Structure formats: structure tokens, C-alpha cells
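Novice: Below is one structure. I have some questions about it.
The values are calculated or read from the model by the stated rules, or taken from the named source; none is laboratory data. These numbers come from a predicted model, not from an experiment. Ideal geometry is used to build each Cβ from the backbone, glycine not excepted, and the neighbour counts take in all protein chains shown. Please note that ligands, DNA and RNA were not included when accessible areas were found on the heavy atoms of the full protein model with its side chains. Shrake-Rupley method; radii C 1.70, N 1.55, O 1.52, S 1.80 Å.
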Amino acid sequence: QVQLVESGGGLVQPGEFLTLSCAASGSILSISTMGWYRQVAGKQRELVAAITSGGMANYADSVEGRFTISRDNAKKTVTLLMNSVKVEDTAVYYCRADITTREYVTRVTRGYWGQGTQVTVAS
């Protein structure tokens with residue numbers, strides 16, 4: 001059973017920083033892309049940042065230069081450092097990972113989601 005567990009959400013003031021972490025666990029053969037998405041009530045979930053197993057990262061234009069994504073392949077974790085947060089960064093943040101497991105004799109790759117963590121930016 002594969003699980004992604006997020007931590008680090010909370011309430012912060014504009015201009016401050018916050019770090020989100022996500023850890024994958026279970027019978028995992030490999031993890032390719034890991035990323036963070038966010039969703040505001042009534043809107044579609046959007047990509048915030050993603051990083052490949054080789055360390056190549058891409059960011060949404062709205063967070064470029066303020067957020068940094070990193071990962072530890074050995075620990076199966078991905079981290080999002082959120083600097084200079086803005087009120088518009090308020091959302092539920094979800095971790096996502098493309099994970100390969102073994103099902104009988106077959107290698108299967110699926111996208112897994114964490115349960116989400118609330119980030120609120122307010123004065």
C-alpha cells in the first residue's frame with residue numbers, strides 16, 4: 001500500500017516563509033516525477049512545482065522565484081520551500097508522485113496523491 005503523507009501547512013503572514021514536506025512509503029520500486037499542486041475551493045487543482053528524479057524542476061509562473069522544490073530520492077521525500085508568500089498562495093496543497101510498484105510479475109506506474117495540507121496566508 002503506497003502512501004504520501006504531507007506535513008508543514010498552517011497559517012503564515014504575507015512575506016513570510018513556510019516549508020511543506022511529503023514522504024512516500026510502501027512497497028515502492030521507484031519514483032519518477034514528484035510535485036506539489038494546490039486547489040482553492042471552487043477552482044481546478046493547479047500545478048505549483050514538479051521535480052524529476054534527476055533533479056530537473058519546473059514551476060508555475062505565479063511562484064517562480066519565490067518557491068523552491070527539492071527531493072531526497074533515498075528518503076523518498078519532496079519538499080516545497082515557500083518564500084515571500086502572498087495572500088493568493090492560500091490553498092490546500094497536495095503532494096503527487098508517479099510511483100512504480102510490483103503487482104505480481106508486472107511493474108505498474110501510477111500517480112498517487114497525498115491527503116492535502118491547508119496553507120493560509122493572512123495578516
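Novice: How much solvent-accessible surface does T33 expose, in Å² to the nearest 10, with a 1.4 Å probe and all protein chains in place?
Specialist: Ignoring ligands and nucleic acids, T33 comes out at about 50 Å².
Novice: Still on this structure, I have one more. What FRET efficiency, computed as 1/(1 + (r/R0)^6) with R0 = 25 Å and r the Cβ-Cβ distance, is obtained for Q13 and S53, rounded to the nearest 0.05?
Specialist: For R0 = 25 Å, the calculated efficiency reads 0.10.
Novice: Then there is this: Could you work out the local net charge near Y112, counting Lys and Arg as +1, Asp and Glu as -1, over the other residues with Cβ closer than 9 Å to its Cβ?
Specialist: In short, +1.
Novice: Next question. Roughly what % of DSSP beta bridges within the chain run antiparallel, to the nearest 5?
Specialist: 95 percent
Novice: On to the next question. Please compute the net charge surrounding R38, taking Lys and Arg as +1 and Asp and Glu as -1 over other residues with Cβ under 13 Å from its Cβ.
Specialist: 0
Novice: OK, next. At a Förster radius of 41 Å, what calculated FRET efficiency corresponds to the Cβ-Cβ distance of T106 and D72, to the nearest 0.05?
Specialist: It comes out at approximately 0.90.
Novice: Also, I was wondering about something else. With a 1.4 Å probe and every protein chain left in place, tell me how much accessible area L18 has, in Å² to the nearest 10.
Specialist: Probe radius 1.4 Å; accessible area of L18 about 20 Å².
Novice: With a cut-off of at most 16 other beta carbons within 10 Å, and DSSP calling the residue loop, which GluC sites (Glu not before Pro) in the range 1-64 qualify? Please list them.
Specialist: Answer in residue order: E16, E64.
Novice: Follow-up question, since we're still on this one. Where does each of F67, F17 land when they are ordered by accessible area, with a 1.4 Å probe and the largest first?
Specialist: F17, F67
Novice: Right, here's the next one. Could you work out how far apart the two model spin labels at S123 and S25 are, taking each label as a point 7 Å from the Cα in the direction of the beta carbon, and quote it in nm?
Specialist: Placing both labels 7 Å beyond Cα along the Cβ direction yields 4.1 nm.
Novice: Contour minus end-to-end for T90 and Q3, with contour as 0.36 nm per residue of separation and end-to-end as the Cα-Cα distance?
Specialist: 28.9 nm is the gain from fully extending T90 to Q3.
Novice: Let's test the formula: R0 of 25 Å, r as the Cβ-Cβ distance of L81 and K43. What FRET efficiency results, to the nearest 0.05?
Specialist: Using R0 = 25 Å, I get an efficiency of 0.60.
Novice: Continuing with the same structure: Can you list the residues, at least 5 places off or on another chain, whose amide H is less than 5 Å from the amide H of S30, using H built in the peptide plane?
Specialist: HN-HN under 5 Å from S30: T100.
Novice: Along the range 55-62, what does the Karplus equation 6.51 cos²θ - 1.76 cosθ + 1.60 (θ = phi - 60°) give for ³J(HN,Hα), rounded to whole Hz, x for Gly and Pro?
Specialist: x, 7, 10, 9, 10, 5, 4, 5
Novice: Filter the trypsin sites (Lys or Arg not before Pro) in the range 1-89 to those in DSSP coil with at most 14 other Cβ atoms within 10 Å of their Cβ, and list the result.
Specialist: The qualifying sites are K43, K75, K86.
Novice: Over the chain, what is the mean sequence separation of C-alpha contacts under 8 Å (at least six apart), divided by residue count, expressed as relative contact order in percent?
Specialist: That works out to 36 percent.
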